[in-house]
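The values are calculated or read from the model by the stated rules, or taken from the named source; none is laboratory data. Quantities reported herein were computed from a predicted structural model and do not represent experimental measurements. Cβ placement follows ideal geometry from the backbone for every residue including glycine, while neighbour counts extend to all protein chains displayed.
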Amino acid sequence: MEIIDGNQVAATIIAELKAEVATFSGRKPCIALVRVGDDPASISYVKKKQATAAEIGMESRLFLPPVTITQAELCTLIDQLNADDTVDGILVQSPLPKGIEEVAVFRRIAAHKDVDGFHTLNLGKLAQEDETGFVACTPAGIMELLARANVTLAGKHVVVLGRSLIVGKPAALLAVQRKVWANATVTICHSQTANLPALTRQADVLIAAIGKAEFVTADMVKPGVVVIDVGVNRVPDASRKTGYRLTGDVHFPTVSPLCSKITPVPGGVGPMTVAMLMKNTVKAYRQSRAAA
Ligand code: GUN
């Protein structure tokens with residue numbers, strides 16, 4: 001069993017981006033980070049995004065509207081960022097407070113600054129395999145991890161657990177692409193799927209993204225499977241200073257001995273998501289300069 005080290009792969013991508021950004025003259029790539037309210041997980045993710053941008057030599061601008069902001073006010077902020085030529089990428093951290101329609105907010109972001117890849121146009125480009133679009137960072141990071149861990153997908157059965165806009169759907173669309181690094185047969189499973197363990201047991205590659213702590217157990221996988229664990233769940237743990245520990249969607253102690261390769265939590269997919277966000281922002285910067 002091999003542990004796929006997301007920190008190591010992310011560090012390689014960050015170093016590549018840093019070298020590229022150093023060659024840019026004048027203004028550096030800039031990402032606007034919008035975090036509404038103070039969800040603890042979101043605070044930690046956005047901090048990591050700021051630190052990574054700084055490490056690469058990119059600019060980041062942080063916007064912290066209160067949890068009471070209305071959808072219309074949030075859209076006004078996005079309109080200002082859309083119109084600002086010194087902003088290349090815009091990220092509105094999910095989840096948003098109740099009462100704000102998340103997809104409407106994602107759609108408000110100009111498609112050419114949508115480095116999260118959640119805009120209708122970018123999802124359409126993903127379906128059309130048009131590489132001028134932006135692919136959501138977590139699924140893009142998963143594909144990069146698999147490629148750099150020498151896992152070929154062609155002809156394999158990839159089972160995606162979860163159908164979210166942020167992970168499940170775009171991950172499935174990527175794995176099924178007509179690309180040498182893809183060409184998989186894909187099954188998407190979700191909360192309404194019948195006989196779920198019978199399907200997950202068929203997986204050559206299992207992408208677990210359902211947001212339920214330690215949901216995947218040993219009886220749900222076949223020996224030799226490659227497991228990508230996207231879950232980031234906080235479970236109470238009195239022995240920790242923070243009072244919690246992070247765990248994935250996979251029960252690591254019993255599932256990992258059956259795997260050929262598996263990503264850990266933390267240190268697997270998480271660092272890749274941030275690296276791919278920066279990669280998308282550099283792409284947005286390059287595309288806007290080419291269009292100018
Ligand atoms: N929340 C969890 N993952 C993500 C992500 O990739 N982008 C944004 N904006 N919010 C998230």
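State the number of residues belonging to segment 71-96 that are crowded, with 17+ Cβ neighbours inside 10 Å, within 15 Å of the ligand (Cβ to nearest atom) and part of a loop (DSSP other than H, G, I, E, B).
Total meeting the criteria: 3.
Out of (1) away from the ligand (no atom under 16 Å from the Cβ); (2) crowded, with 20+ Cβ neighbours inside 10 Å; (3) under 19 Å from residue 81 (Cα atoms), what's the single condition that is false for residue 32?
(1)
What's the number of the only condition in (1) surrounded by 20 or more Cβ atoms within 10 Å (Cβ to Cβ); (2) within 16 Å of the ligand (Cβ to nearest atom); (3) under 30 Å from residue 149 (Cβ atoms) that residue 9 fails to meet?
Answer for residue 9: the failing condition is (2).
Does residue 196 satisfy the condition of being within 16 Å of the ligand (Cβ to nearest atom), surrounded by 16 or more Cβ atoms within 10 Å (Cβ to Cβ) and touching a residue at least 12 places away in the same chain (Cβ under 8 Å)?
Numbers: within 16 Å of the ligand (Cβ to nearest atom): no; surrounded by 16 or more Cβ atoms within 10 Å (Cβ to Cβ): yes; touching a residue at least 12 places away in the same chain (Cβ under 8 Å): yes.
Answer is no for this residue.
Any idea which of (1) among the polar types (S, T, N, Q); (2) part of a strand (DSSP E or B); (3) away from the ligand (no atom under 16 Å from the Cβ) is the one residue 25 doesn't satisfy?
Residue 25 satisfies every listed condition except (2).
Could you please let me know if residue 68 is under 28 Å from residue 17 (Cα atoms), of a type in the set (Ser, Thr, Tyr) and assigned to a loop (DSSP other than H, G, I, E, B)?
Details: under 28 Å from residue 17 (Cα atoms): no; of a type in the set (Ser, Thr, Tyr): yes; assigned to a loop (DSSP other than H, G, I, E, B): yes.
No, not satisfied.
Can you confirm whether segment 141-156 contains a residue that is within 17 Å of the chain's Cα centre (by Cα) and either within 12 Å of the ligand (Cβ to nearest atom) or aromatic (Phe, Trp, Tyr) (or both)? Step through it out loud before you land on a result.
Within segment 141-156, the first condition is being within 17 Å of the chain's Cα centre (by Cα), and the residues that meet it are 141-148.
Next, from what is left, pick out any that are either within 12 Å of the ligand (Cβ to nearest atom) or aromatic (Phe, Trp, Tyr) (or both): 141-142.
Checked segment 141-156: at least one residue is within 17 Å of the chain's Cα centre (by Cα) and either within 12 Å of the ligand (Cβ to nearest atom) or aromatic (Phe, Trp, Tyr) (or both).
In segment 212-221, is there at least one residue being under 20 Å from residue 163 (Cα atoms) and among the basic types (Lys, Arg)? So that I can check it myself, show each step before the final result.
So the first thing to find is which residues in segment 212-221 are under 20 Å from residue 163 (Cα atoms), and the list is 212-217, 220-221.
Then keep just the ones that are among the basic types (Lys, Arg); that gives 212.
Yes, some residue in segment 212-221 is under 20 Å from residue 163 (Cα atoms) and among the basic types (Lys, Arg).
More than 16 Å from residue 277 (Cα to Cα), β-branched (Val, Ile, Thr) and either part of a loop (DSSP other than H, G, I, E, B) or away from the ligand (no atom under 16 Å from the Cβ) (or both) - does that describe any residue in segment 164-179?
Within segment 164-179, one or more residues are more than 16 Å from residue 277 (Cα to Cα), β-branched (Val, Ile, Thr) and either part of a loop (DSSP other than H, G, I, E, B) or away from the ligand (no atom under 16 Å from the Cβ) (or both).
Just to be sure I understand, how many residues within segment 128-165 are crowded, with 22+ Cβ neighbours inside 10 Å and among the β-branched types (Val, Ile, Thr)?
From segment 128-165, those crowded, with 22+ Cβ neighbours inside 10 Å are 134-143, 145-146, 153, 158-162; that's our starting set.
From the residues that got through so far, the ones that are among the β-branched types (Val, Ile, Thr) too are 135, 138, 142, 158-160.
Looking only at that region, the number is 6.
Take segment 245-292 and flag every residue that is in contact with a Lys or Arg (Cβ under 7 Å, 6 or more places away or on another chain) and either surrounded by fewer than 24 Cβ atoms within 10 Å (Cβ to Cβ) or under 15 Å from residue 224 (Cα atoms) (or both).
Here is the first cut: in segment 245-292, the residues in contact with a Lys or Arg (Cβ under 7 Å, 6 or more places away or on another chain) are 246, 249, 274, 277, 284.
246, 274, 284, listed by residue number.
Looking at segment 141-157, is at least one residue part of a loop (DSSP other than H, G, I, E, B), closer than 28 Å to residue 107 by Cα and touching a helix residue (DSSP H, G or I) at 6+ places or on another chain (Cβ under 9 Å)?
Let us first name the residues in segment 141-157 that are part of a loop (DSSP other than H, G, I, E, B), namely 149-156.
Now drop any that are not closer than 28 Å to residue 107 by Cα, which leaves none.
Scanning segment 141-157, I find no residue that is part of a loop (DSSP other than H, G, I, E, B), closer than 28 Å to residue 107 by Cα and touching a helix residue (DSSP H, G or I) at 6+ places or on another chain (Cβ under 9 Å), so the answer is no.
Could you run through segment 98-118 and say how many residues are part of a loop (DSSP other than H, G, I, E, B) and surrounded by fewer than 16 Cβ atoms within 10 Å (Cβ to Cβ)?
At the first step, the residues of segment 98-118 found to be part of a loop (DSSP other than H, G, I, E, B) are 98-101, 109-110, 114-118.
Pick out the ones that are also surrounded by fewer than 16 Cβ atoms within 10 Å (Cβ to Cβ) and you get 98-99, 101.
Qualifying residue count for the region: 3.
Check segment 182-191 and report whether any residue there is within 16 Å of the ligand (Cβ to nearest atom), outside any loop (DSSP other than H, G, I, E, B), modelled with pLDDT of 95 or more and over 24 Å from residue 252 (Cβ atoms).
No, the conditions are met nowhere in segment 182-191.
So, in segment 257-278, exactly how many residues are in contact (Cβ under 8 Å) with a residue 40 or more places away in the chain and either more than 30 Å from residue 211 (Cα to Cα) or away from the ligand (no atom under 13 Å from the Cβ) (or both)? I'd like the intermediate steps shown before the answer.
From segment 257-278, those in contact (Cβ under 8 Å) with a residue 40 or more places away in the chain are 257-264, 267-278; that's our starting set.
Now restrict to residues that are either more than 30 Å from residue 211 (Cα to Cα) or away from the ligand (no atom under 13 Å from the Cβ) (or both): 257-264, 267-268.
Result for segment 257-278: 10.
Can you confirm whether residue 52 is under 23 Å from residue 233 (Cα atoms), modelled with pLDDT of 95 or more and out of contact with any Asp or Glu (no Cβ under 8 Å at 6 or more places or on another chain)? So that I can check it myself, show each step before the final result.
Numbers: under 23 Å from residue 233 (Cα atoms): yes; modelled with pLDDT of 95 or more: yes; out of contact with any Asp or Glu (no Cβ under 8 Å at 6 or more places or on another chain): yes.
Against the criterion (under 23 Å from residue 233 (Cα atoms), modelled with pLDDT of 95 or more and out of contact with any Asp or Glu (no Cβ under 8 Å at 6 or more places or on another chain)), residue 52 qualifies.
With the checklist (1) surrounded by 20 or more Cβ atoms within 10 Å (Cβ to Cβ); (2) more than 12 Å from the ligand (Cβ to nearest atom); (3) part of a helix (DSSP H, G or I) in hand, flag the one item residue 125 doesn't pass.
Only one criterion is unmet by residue 125, namely (1).
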